[in-house]
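Engineer: This is the structure, below, for whatever I ask next.
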Amino acid sequence: MIAHLSTADIQKAMNRQSSVGWTALLIACNRGHMDLVNTLLANHARVDVFDNEGRSALHLAAEHGYLQVCDALITNKAFINSKSRNGRTALHLAAMNGYTELVKFLIRDHAAVVDILTLRKQTPLHLAAASGQMNVCKLLLELGANIDATDDVGQKPIHVAAQNNYSEVAKLFLQQHPNLVMATSKDGNTCAHIAA
């Protein structure tokens, strides 16, 4: 089909958005179809198109842990620190969903900002802790994530781990910084208060 279209028609078709803002590239990235992603990119599909929630193809690929798809998008100039409407980046999505290798790839190989904030001022470490992603939390700490970062309600990653009953993650943070046991949120709660 593509062979019979002009370059202008191909670009137009590749970048047409659905009612929810999805293009063929966003759909292919969401499903992890690497061959189709490569074909679309070779035929001028834009990597900087955002859906109605402000998500790019990179967000969708990262959310599902498709490292090779993310690599292809970044190679084709996808902006690594691009934020969705709620302020999440590819790194936030990879961290909260437990994709350790993708987190490492985004930070080490492509300089994703390790402590980038969502609209609620949550770092990737906050989201990994809230989801109980122990290995991602360990990796983020190794890569220099701020264990003392506070979100818009004054919670640190240890607080969100305790709030979601991830005691092993909270223990990891306490091993790193024992003084976190007394850290309070804006409303004066420690992780012990929150976990109770």
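Read-outs: derived from the displayed coordinates by stated rules, not from any lab. In this text, all values refer to a predicted model and were calculated from it rather than measured experimentally. Here Cβ is always computed from backbone atoms with ideal geometry, including for glycine, and neighbour counts include all displayed protein chains.
Engineer: What label, among [x] 27, 20, 17; [y] 38, 15, 12; [z] 72, 22, 16, belongs to semi-axes √(5λ) of the Cα gyration tensor in Å computed from the structure on display?
Structural biologist: Computed from these coordinates, semi-axes √(5λ) of the Cα gyration tensor in Å corresponds to label [y].
Engineer: Working out 0.36 nm times the residue gap between Val153 and Glu168, then minus their Cα-Cα distance, what length gain in nm do you get to one decimal?
Structural biologist: 3.1 nm
Engineer: For region 51-93, rounded, prolate or oblate, judged on the Cα gyration tensor with a ≥ b ≥ c (square roots of eigenvalues), a/c < 1.5 rounded, else prolate if a/b > b/c?
Structural biologist: prolate
Engineer: Lysines near Lys171 by alpha-carbon distance under 18 Å, same-chain residues fewer than 8 away left out - which ones?
Structural biologist: Correct list for Lys171: Lys138, Lys156.
Engineer: Can you give the charge dipole size of the chain about its Cα centre, rounded to the nearest 20 debye, using +1 on the beta carbon of Lys and Arg and -1 on the beta carbon of Asp and Glu?
Structural biologist: Roughly 220 debye for the chain.
Engineer: Taking θ as phi - 60°, what are the ³J(HN,Hα) couplings along region 33-40 by the Karplus curve (6.51, -1.76, 1.60), each to the nearest whole Hz, with x for Gly and Pro?
Structural biologist: 3J(HN,Hα) across region 33-40, in whole Hz: 7, 4, 4, 5, 4, 4, 5, 5.
Engineer: Also, quick follow-up: Go ahead and set up a Gaussian network model of the chain, Cα springs under 10 Å, then flag whichever of Thr123, Thr39, Thr23 fluctuates most.
Structural biologist: Comparing Thr123, Thr39, Thr23 in a Gaussian network model of the chain, the most mobile one is Thr39.
Engineer: Follow-up. Report the one residue of Gln122, Leu102, Asn164 whose Cα lies farthest in the direction of the positive end of the charge dipole of the chain (charges on C-beta: Lys and Arg +1, Asp and Glu -1; origin at the Cα centre).
Structural biologist: Gln122
Engineer: Sticking with this structure for a sec: Cut-off is 10 Å between beta-carbons; in what order do Leu141, Leu119, Leu26 appear when sorted fewest neighbours first?
Structural biologist: Fewest-to-most ranking of Leu141, Leu119, Leu26: Leu119, Leu141, Leu26.
Engineer: Take the alpha carbon atoms of region 21-57, find their center, do the same for region 147-193, and report the distance between the two centers in whole angstrom.
Structural biologist: Taking the Cα centre of region 147-193 as reference, the centre of region 21-57 is 37 Å away.
Engineer: Straight-line reach from Lys77: which aspartates and glutamates have a Cα under 19 Å away, not including same-chain ones fewer than 8 places off?
Structural biologist: Candidates past the 8-residue exclusion: Asp35, Asp48, Asp51, Glu63, Asp109.
Engineer: Continuing with this model, one more query. When the Karplus curve 6.51 cos²θ - 1.76 cosθ + 1.60 is applied with θ = phi - 60°, which whole-Hz ³J(HN,Hα) does each residue of region 146-153 get, with x for Gly and Pro?
Structural biologist: Once rounded to whole Hz, the list reads 7, 5, 9, 4, 10, 8, 5, 10.
Engineer: GNM on the chain, C-alpha springs below 10 Å: top fluctuator among Gly98, Gly132, Gly54?
Structural biologist: Between Gly98, Gly132, Gly54, it is Gly54 that shows the largest mean-square fluctuation.
Engineer: For Gly21, enumerate residues with amide H under 5 Å from its amide H, sequence gap 5+ or separate chain, H modeled in the peptide plane.
Structural biologist: Residues meeting the criterion, in which the H sits 1.01 Å from N, are Asn52.
Engineer: Given Cβ point charges of +1 (Lys, Arg) and -1 (Asp, Glu) and nothing else, what value in debye, to the nearest 20, does the dipole of region 26-74 about its Cα centre take?
Structural biologist: 60
Engineer: Report ³J(HN,Hα) in whole Hz for each residue of region 121-135, in order, from the Karplus equation J = 6.51 cos²θ - 1.76 cosθ + 1.60 where θ = phi - 60°; Gly and Pro get x.
Structural biologist: Once rounded to whole Hz, the list reads 6, 9, 8, x, 5, 4, 5, 5, 5, 5, 9, x, 8, 4, 5.
Engineer: Where a Cα-Cα gap under 12 Å defines reach, which aspartates and glutamates qualify for Lys104, not counting those fewer than 8 residues away within the same chain?
Structural biologist: Output for Lys104: Glu142.
Engineer: Taking +1 at the Cβ of each Lys and Arg and -1 at the Cβ of each Asp and Glu, which of Ile147, Leu26, Asn179 sits farthest along the dipole of the chain towards its positive end, judged by Cα position relative to the Cα centre?
Structural biologist: Farthest towards the positive end: Leu26.
Engineer: I've got another one for you. Which longest run of the chain has no exposed loop site in it, a site being trypsin sites (Lys or Arg not before Pro) in a DSSP loop with at most 11 other beta carbons within 10 Å, and the site itself not part of the run?
Structural biologist: In the chain, the maximal stretch lacking such sites is 78-185.
Engineer: Connecting C-alpha atoms closer than 10 Å in a GNM of the chain, tell me which of Thr100, Thr75, Thr118 has the biggest fluctuation.
Structural biologist: Evaluated over the chain, the most mobile residue of the options is Thr75.
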